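Enquirer: Quick one: the structure is below, questions incoming.
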Amino acid sequence: MKETTSKKAEILDYVEANKDRFIEELFELLRIPSVSADKKFHGDVKRAAEYVKKQLLEAGVDRAEIHPTKGHPIVYAEKIIDENLPTVLVYGHYDVQPADPYELWDSPPFEPVVKDGKIYARGAADDKGQMYMHVKALETMLQTDTLPCNIKFMIEGEEEVGSENLEIFIKEKKDLLKADLILVSDTSMLSNENPSICVGLRGLSYLEVEVTGPDKDLHSGMYGGAVANPINILSKMIGQLQDDHNRVTIPGFYDKVQELSAEEREVIKKIPFDVERYKKELNIDEIHGEEGFSTLERTGIRPSLDVNGIWGGYTGEGAKTVLPSKAYAKISMRLVPNQDHHEITRLFTEYFQSIAPKSVKVKVTPHHGAIPALTPTDSVAFQAASDAFDSVWGKRPIPIREGGSIPIVALFKSELELDSLLLGFGLDSDVIHSPNENYGIFNYTRGIETISMFYQHYADKMKK
Ligand code: BES
Ligand code: ZN
């Protein structure tokens, strides 16, 4: 067996020698507009699945298949080298968020380009770039003869729309998915100077509200002031969802929130988070959020409520004097451990109905939900990841809870009884879900190296 140091040299050399091709292959995937939320792109979503399968086969898996679902397909692949060795199940997603608004992109979202060492494209970081690191880590380990355990891949096309069909898949395929660990790269790090590992994800309740006033649009002069305007009313109702301390006002909303101890909050306080850089990156003069909590606490350990979109009435060019019949909003609530998204959705619905004046009708339609998840830091996997960071980055990673959601992670635990290691290499500046999403080539290649080294340390520790 090769020593870990010589393995590391071979892995790093291989990644360096093949870097340009690794980037070009990712570009091919980024050129496919696999937007899961939009029917218009459904053919492309399928093409992306096929490309992922092809690349897995080229990287060296001995089995790869596409599993159709009621929605978008799931790509499953495996490389089993020895039944007696540990098995890691890699999870990722090849679907992306819509690229709208297109006009705010400096280059077209599905025509990837490299600028200042970063790859710009929708999905560059979330999650095509991060998912593809695992395909290239497999290739790297096979080509340098350093693959120390079995790997399975489960790459889905519906993460950005709630992973409902993946939930069915994992419940049906428990045997196929047998493993010792789930490995995911779909989160971010504090910074390249302070690498971190995500140990917490928030849950989600996402819904749409519709407020109806009169049953038809009206002349805003003839009726204005005498009939409820649903946009005015909706704005007022949304305003009532948070109080002056920026706390959510829905009765019962905080009842089950797991409060952290003073010691646990002390640990968060010590995390080297640069709030000035944060403000500068976002071009804001002041941060905003629930009183009494820091920024990292607001996104990591506290729930939140946001309007994601609001519309109604006339939004075209010029002016049209109209009192609209309807107004709409899409609202998300990010949840933390012990909050249940079904219950939160119900509490929201009851409260929202209760604050509506009789002059309007309110309809609330739930979309998807996600259960919050925490991952352990005292596990073999976390220690192995820590060693891998130490050897590639020269620094041990800081455990940190993040604000986003990956719906399937909690189900990996409850359905497959498996912990996840959230080994993400993104940065806040990647602006995922936003125009000009990007992913640093440095993070892409370092990610491939760190993942490959993770396997070395993980397999070593699992032997003992
Ligand atoms: N990669 C993100 C989740 C994420 C981002 C976690 C940053 C931690 C840090 C993921 O692809 C995502 O955006 N998920 C959706 C899930 C939702 C649609 C159910 C989210 O969080 O909005
Ligand atoms: Zn993602």
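Enquirer: Within the set of pairs 6 or more residues apart or between chains, which connect a residue that is within 18 Å of Leu204 (Cβ to Cβ) and among the basic types (Lys, Arg) inside segment 247-262 to a residue that is part of a loop (DSSP other than H, G, I, E, B) and open to solvent by 80 Å² or more (accessible area, probe 1.4 Å) with Cβ atoms less than 8 Å apart?
Expert: Note: pairs meeting the criteria are Lys256/Asn338.
Enquirer: One residue is enough: does segment 384-404 have a residue meeting the conditions polar (S, T, N, Q) and either open to solvent by 50 Å² or more (accessible area, probe 1.4 Å) or within 16 Å of ligand 1 (Cβ to nearest atom) (or both)?
Expert: No, segment 384-404 has no match at all.
Enquirer: Something else: Out of curiosity, is His72 open to solvent by 50 Å² or more (accessible area, probe 1.4 Å) and within 22 Å of the chain's Cα centre (by Cα)?
Expert: It is false that His72 is open to solvent by 50 Å² or more (accessible area, probe 1.4 Å) and within 22 Å of the chain's Cα centre (by Cα).
Enquirer: Ok, one more. What is the residue count in segment 325-363 for residues that are open to solvent by less than 20 Å² (accessible area, probe 1.4 Å), over 26 Å from Arg298 (Cα atoms) and not hydroxyl-bearing (Ser, Thr, Tyr)?
Expert: So the count comes out to 2.
Enquirer: Those residues that are surrounded by 20 or more Cβ atoms within 10 Å (Cβ to Cβ) and more than 21 Å from Gly403 (Cβ to Cβ), I need them from segment 170-182; list them, please.
Expert: Looking only at segment 170-182, we keep the residues that are surrounded by 20 or more Cβ atoms within 10 Å (Cβ to Cβ), and these are 170, 177, 179, 181-182.
Result: Ile170, Leu177, Ala179, Leu181.
Enquirer: To continue, here is another question. Quick one: count up the residues across segment 18-39 that are within 18 Å of Glu449 (Cβ to Cβ) and either open to solvent by 10 Å² or more (accessible area, probe 1.4 Å) or more than 22 Å from the chain's Cα centre (by Cα) (or both). Lay out the reasoning, then the answer.
Expert: Applying the first criterion (within 18 Å of Glu449 (Cβ to Cβ)) to segment 18-39 yields 18-23, 25-26.
Now narrow it down to the ones that are either open to solvent by 10 Å² or more (accessible area, probe 1.4 Å) or more than 22 Å from the chain's Cα centre (by Cα) (or both): 18-23, 25.
So the answer is 7.
Enquirer: Out of all the residues in segment 354-364, which are under 22 Å from His341 (Cα atoms) and either free of Cβ contacts under 8 Å to residues at least 24 places away in the same chain or within 16 Å of ligand 1 (Cβ to nearest atom) (or both)?
Expert: Ser354
Enquirer: Considering only segment 412-441, state which residues are touching a strand residue (DSSP E or B) at 6+ places or on another chain (Cβ under 9 Å), more than 16 Å from ligand 1 (Cβ to nearest atom) and either more than 18 Å from Arg401 (Cα to Cα) or modelled with pLDDT under 95 (or both).
Expert: If the condition is that a residue be touching a strand residue (DSSP E or B) at 6+ places or on another chain (Cβ under 9 Å), more than 16 Å from ligand 1 (Cβ to nearest atom) and either more than 18 Å from Arg401 (Cα to Cα) or modelled with pLDDT under 95 (or both), then Leu416, Leu418, Asn436, Ile441 are the ones that fit.
Enquirer: Shifting gears a bit: Take the residues in segment 111-145 that are among the basic types (Lys, Arg) and surrounded by fewer than 24 Cβ atoms within 10 Å (Cβ to Cβ); name whichever of them is farthest from ligand 1 (Cβ to nearest atom).
Expert: The initial filter retains those residues of segment 111-145 that are among the basic types (Lys, Arg), namely 115, 118, 122, 128, 136.
Within this subset, residues satisfying the condition of being surrounded by fewer than 24 Cβ atoms within 10 Å (Cβ to Cβ) are 115, 118.
Working: Lys115: 22, Lys118: 17 Å.
For segment 111-145, the residue satisfying everything is Lys115.
Enquirer: Another question, then. Quick one: which residue in Pro148, Pro108 is at pLDDT 95 or above, of a type outside the set (Gly, Ala, Ser), within 18 Å of Val15 (Cβ to Cβ) and surrounded by fewer than 24 Cβ atoms within 10 Å (Cβ to Cβ)?
Expert: Pro148
The values are calculated or read from the model by the stated rules, or taken from the named source; none is laboratory data. A quick note: this is a predicted structure, and the numbers were derived from the prediction, not measured. Here Cβ is always computed from backbone atoms with ideal geometry, including for glycine, and neighbour counts include all displayed protein chains. Each accessible area value is taken on the protein alone, full model and side chains, heavy atoms only, with ligands, DNA and RNA left out. Shrake-Rupley method; radii C 1.70, N 1.55, O 1.52, S 1.80 Å.
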